[in-house]
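Asks: Quick one: structure below, then a few questions.
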Amino acid sequence: MKSKIAPANLIWDERGNPLSNHFEDPYFSRDNGLAESNYVFLEANDLPNRFARLQPGQNFVIGETGFGTGLNFLLTWRCFKQHAPANARLTYISIEGYPLRLDDLQRAANQWPELKIYSDQLADLYPLLVPGHHWRRCDEQLSLHLIFDQIEPALQSLHPKITHHNWQHELPRTVDAWFLDGFAPAKNPEMWQQAIYPSIARLSTAGTSLSSFTAAGTVRRSLQEWGFSIEKIPGYGRKREMIRAEFNPHWIPEKSQIQAHSDKDTQTWHIPAKQSEKPQQVTLLGAGIAAMTLALSLAKRGVRVQILDRHKKPFSGASGNPQVAIFGRLSPDNGDLEDFVLQSLAYAAAFYAGFWQQQCGDNCGLLQLARTPNEVEKMQRLINQLPENNGLVEWIEAGHSKDVCGLELPSAGLWFPRSGWVSPPLLAEQILQHPLIEFTGGQELTPVYKQGLWHLQDIQGESLHRCETLVICSGFEAKNHPLLDWLPIKAVAGQLELVKVNDQSQHLNSIVSQYTSILPAHNKLLSLGGSYRLGESSLDIREEDTQANLDKVRRMLGCDMDLTTSYSYSRTGVRATTPDYLPICGPATDLDGLKLDFAALRKDAKTPIHRTAPALPGLFLNLGYGSRGYAYAPLCAEHLTSLILGEDSPLPNHLQRSLLPARFPIRDMIRARL
Ligand code: SAM
């Protein structure tokens with residue numbers, strides 16, 4: 001599902017206004033862009049008044065077509081701060097197929113000194129130029145969900161594919177006000193094509209408003225055909241007319257307006273039911289990277305978090321190696337896993353930047369060397385799919401590695417300048433400083449559901465903690481619980497080696513990964529490895545694994561570098577992997593309920609079942625990361641937080657579906673194995 005996005009090609013006029021070279025159209029009024037945007041979008045949608053009327057905890061959602069310079073976003077951010085009560089929230093979803101490069105974004109913002117406090121923050125959080133969904137927390141109240149993609153796939157990625165059966169399935173992600181801002185329809189018909197209106201209608205609800213600078217007849221007619229009542233009002237400045245519109249929530253499309261589909265994109269099984277109340281407190285069982293990142297995300301949303309673990313210290317299990325590389329394998333192929341890895345790595349780059357500033361590791365970069373000619377071809381294909389200078393990944397020819405990693409290596413590969421390593425103990429220390437996060441370790445606990453609460457009982461059966469919302473983050477051990485014994489996760493023990501830095505290896509200054517990985521020295525020790533012992537959960541240290549890890553590094557570095565003599569010690573951890581290599585992140589499936597509600601799938605896999613997969617009350621799962629927890633968990637934490645709090649997920653619809661725990665029992669029912 002990767003798409004090509006192209007960075008904006010701009011011309012600047014004498015007053016410093018950007019114009020699109022491609023569309024031959026200005027981004028906003030060349031006389032007064034700020035006043036025009038305010039009039040056309042903020043005032044026409046009555047935002048100052050609607051923000052002022054928000055209730056405590058209420059989340060207002062804006063949907064914009066064409067992020068451009070971010071001017072509308074900056075104005076909305078300021079307006080929200082000026083008018084909304086302190087405990088209301090704003091989610092700003094915006095789509096952009098030709099994103100500005102960061103320096104262009106900053107150059108455009110120079111014109112608006114009155115917005116500087118916001119534009120400086122936007123520059124800090126502006127995503128790398130890679131396609132897909134980029135979610136950012138701007139402050140405690142406001143989040144930006146920026147989608148770098150073409151308009152049609154981007155809008156469709158926000159909801160299940162529309163059918164007559166699923167039209168009325170309530171979505172947690174609906175828009176309160178639309179800003180349609182995509183250059184003049186005559187100059188850019190693609191942006192206003194017919195295919196966008198069904199999505200706009202599907203994402204609208206009671207009270208949804210819309211405005212646009214254009215009053216073109218085709219736009220008005222299409223919006224009317226899709227449930228909006230339109231009003232023409234005077235345009236800004238010299239423009240005669242613009243439109244303002246309102247969605248009719250009782251409107252439903254004619255049969256002829258919707259094509260019949262029955263593929264997996266139409267499913268609503270992963271769409272969470274709307275919640276009446278948001279939890280104030282959440283308990284996490286397990287204290288690895290899945291729990292730590294989730295705790296931070298929840299705490300930043302004002303939720304109190306209690307982390308419980310059998311070990312006395314956090315990161316004592318698989319997440320607890322002395323140094324951990326932020327790594328995931330990108331691929332040019334299309335598929336959920338490939339999309340997920342790209343989104344996760346782009347998010348991880350932003351997530352760890354703050355921790356690296358706090359010296360919790362090092363943003364040293366990572367060089368992934370190709371292992372075969374086929375891999376070289378795939379890597380080059382990937383690079384060709386992404387914009388040049390995207391900031392996430394670039395191509396390095398064989399023999400050109402010295403500049404990036406300090407050693408001349410014989411293979412070509414991918415260079416990830418935003419990657420690096422973290423030290424789990426330092427990361428834990430930082431995260432646990434948050435006043436809303438509490439860690440209690442040293443007790444073996446089992447969750448039991450009694451009288452509407454989850455009780456965490458010790459081995460004697462005494463209930464030590466109680467909670468309404470519990471997230472199991474205990475990796476492969478989750479399977480030991482009778483309610484979760486169906487989880488198709490496998491233990492994979494992995495051993496890594498710690499070797500003392502020597503004259504040769506001290507030149508290594510970034511992570512190198514190929515047959516295995518080697519990390520630059522930390523406390524005078526280099527980490528290398530690890531091995532994969534599929535299906536094993538023993539923590540043994542094995543001599544043959546040590547030898548294999550050292551041999552792989554020697555082969556990878558292709559030189560006489562001998563690390564054997566400086567071997568110091570080994571460490572083994574056990575990870576949990578899933579059959580599709582995607583994590584399990586979402587509500588814990590109520591297997592009995594599923595067997596009843598989804599029984600029809602056993603007879604016909606295409607039966608439309610437009611309901612949410614049944615879940616156990618207040619129980620969520622966050623596990624199955626294999627050896628990629630540090631790369632994947634930060635984004636999954638935001639997704640899970642959105643599920644727990646009933647808000648907009650940072651993930652596109654197809655990735656929300658692909659992380660759903662119930663995907664496995666549903667697949668088994670379809671194959672008549674359950
Ligand atoms: N709202 C913007 C601002 O505040 O700066 C101005 C938007 S500008 C008028 C229109 C935007 O739509 C441009 O940034 C352009 O790249 C984007 N755009 C045009 N065609 C598109 C398409 N087919 N898919 C996605 N974005 C598109």
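Asks: From the residues in the stretch 135-184 that are out of contact with any strand residue (DSSP E or B) (no Cβ under 8 Å at 6 or more places or on another chain) and of a type in the set (Asp, Glu), which one is farthest from Asp25 (Cα to Cα)?
Replies: Checked the stretch 135-184; the qualifying residue farthest from Asp25 (Cα to Cα) is Glu170.
One line per residue, one yes/no per condition, for (1) without any contact (Cβ under 8 Å) to a residue 12 or more places away in the chain; (2) more than 30 Å from Pro482 (Cβ to Cβ):
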site	(1), (2)
Ile396	no, yes
Lys402	yes, yes
Cys405	no, yes
Ala412	no, yes
Arg418	no, yes
Leu426	no, yes
Gly441	no, no
Tyr449	no, no
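Asks: Still on this structure, please answer the following. Quick check: anything in the stretch 190-212 surrounded by 19 or more Cβ atoms within 10 Å (Cβ to Cβ) and over 30 Å from the mean Cα position of the chain (by Cα)?
Replies: no
Asks: Quickly run through the stretch 590-620 and pick out the residues that are closer than 26 Å to Cys636 by Cα and among the charged types (D, E, K, R).
Replies: Result: Asp590, Arg611.
Asks: Working carefully through the options Lys278, Lys274, Lys239, Lys232, find the one that is over 30 Å from Asp604 (Cα atoms) and exposed (fewer than 14 other Cβ atoms within 10 Å of the Cβ).
Replies: Answer to the check: Lys232.
Asks: Among the residues of the stretch 165-177, is there at least one that is in a strand (DSSP E or B) and not small (Gly, Ala, Ser)?
Replies: Yes; the residues of the stretch 165-177 include at least one that is in a strand (DSSP E or B) and not small (Gly, Ala, Ser).
Asks: Conditions first: (1) at pLDDT below 95; (2) over 30 Å from Thr612 (Cα atoms); (3) crowded, with 19+ Cβ neighbours inside 10 Å. Gln267 passes all but one, so which condition is the exception?
Replies: (2)
Asks: Condition first: in a strand (DSSP E or B) and crowded, with 22+ Cβ neighbours inside 10 Å. Now tell me which residues in the stretch 499-512 satisfy that.
Replies: Val499, Ile511, Val512
Asks: Let me ask something else about it. Can you tell me how many residues in the stretch 90-136 are surrounded by fewer than 16 Cβ atoms within 10 Å (Cβ to Cβ) and among the acidic types (Asp, Glu)?
Replies: Here the count works out to 4.
Asks: I would also like to ask the following. His522 versus (1) modelled with pLDDT under 95; (2) buried (at least 19 other Cβ atoms within 10 Å of the Cβ); (3) in contact with a Ser or Thr (Cβ under 9 Å, 6 or more places away or on another chain): which is the lone unmet condition?
Replies: Every listed condition holds for His522 apart from (2).
Asks: Failed condition for Ile162, given (1) part of a loop (DSSP other than H, G, I, E, B); (2) within 16 Å of the ligand (Cβ to nearest atom), with all others met?
Replies: Going through the list (1) part of a loop (DSSP other than H, G, I, E, B); (2) within 16 Å of the ligand (Cβ to nearest atom), Ile162 breaks only (2).
Asks: Still on this structure: Kindly evaluate Pro332 against the criterion of being under 23 Å from Leu366 (Cβ atoms) and either surrounded by fewer than 23 Cβ atoms within 10 Å (Cβ to Cβ) or over 19 Å from the mean Cα position of the chain (by Cα) (or both).
Replies: yes
Asks: Residue check: is Ala177 under 21 Å from Tyr92 (Cβ atoms), crowded, with 18+ Cβ neighbours inside 10 Å and within 16 Å of the ligand (Cβ to nearest atom)?
Replies: Considered against the rule, which asks whether it is under 21 Å from Tyr92 (Cβ atoms), crowded, with 18+ Cβ neighbours inside 10 Å and within 16 Å of the ligand (Cβ to nearest atom), Ala177 comes out as yes.
Asks: Can you tell me which residue within the stretch 468-496, out of those that are farther than 20 Å from Ser538 by Cα and more than 27 Å from the chain's Cα centre (by Cα), is surrounded by the fewest Cβ atoms within 10 Å (Cβ to Cβ)?
Replies: Restricting to residues being farther than 20 Å from Ser538 by Cα and more than 27 Å from the chain's Cα centre (by Cα), the top hit is Pro482.
Asks: Is there any pair linking a residue in the stretch 482-504 that is under 18 Å from Thr578 (Cβ atoms) to one that is among the acidic types (Asp, Glu), with Cβ under 7 Å and at least six apart or on different chains, and which?
Replies: Ala491/Glu536; Ala493/Glu536
Asks: While we're looking at this one, here's another question. Here is a list of conditions, (1) of a type outside the set (A, V, I, L, M, F, W, C); (2) outside any helix (DSSP H, G or I); (3) modelled with pLDDT of 95 or more, and Asp592 meets all of them except one; can you say which number that is?
Replies: The one condition Asp592 does not meet is (2).
Asks: While we're looking at this one, here's another question. Only residues that are of a type in the set (Val, Ile, Thr) and surrounded by 24 or more Cβ atoms within 10 Å (Cβ to Cβ): list them for the stretch 645-674, please.
Replies: Result: no residue meets the conditions.
Asks: Do we find a residue being crowded, with 20+ Cβ neighbours inside 10 Å, in contact (Cβ under 8 Å) with a residue 12 or more places away in the chain and either acidic (Asp, Glu) or more than 30 Å from Lys278 (Cβ to Cβ) (or both) anywhere in the stretch 246-260?
Replies: No: zero hits.
Asks: Could you grab me the full set of residues in the stretch 3-53 that are basic (Lys, Arg) and either closer than 22 Å to Gly97 by Cβ or crowded, with 20+ Cβ neighbours inside 10 Å (or both)?
Replies: Lys4
The values are calculated or read from the model by the stated rules, or taken from the named source; none is laboratory data. Computed from a predicted structure; not experimentally measured. Note that each Cβ is placed from the backbone with ideal geometry, even for glycine, and that neighbours are counted across all protein chains shown.
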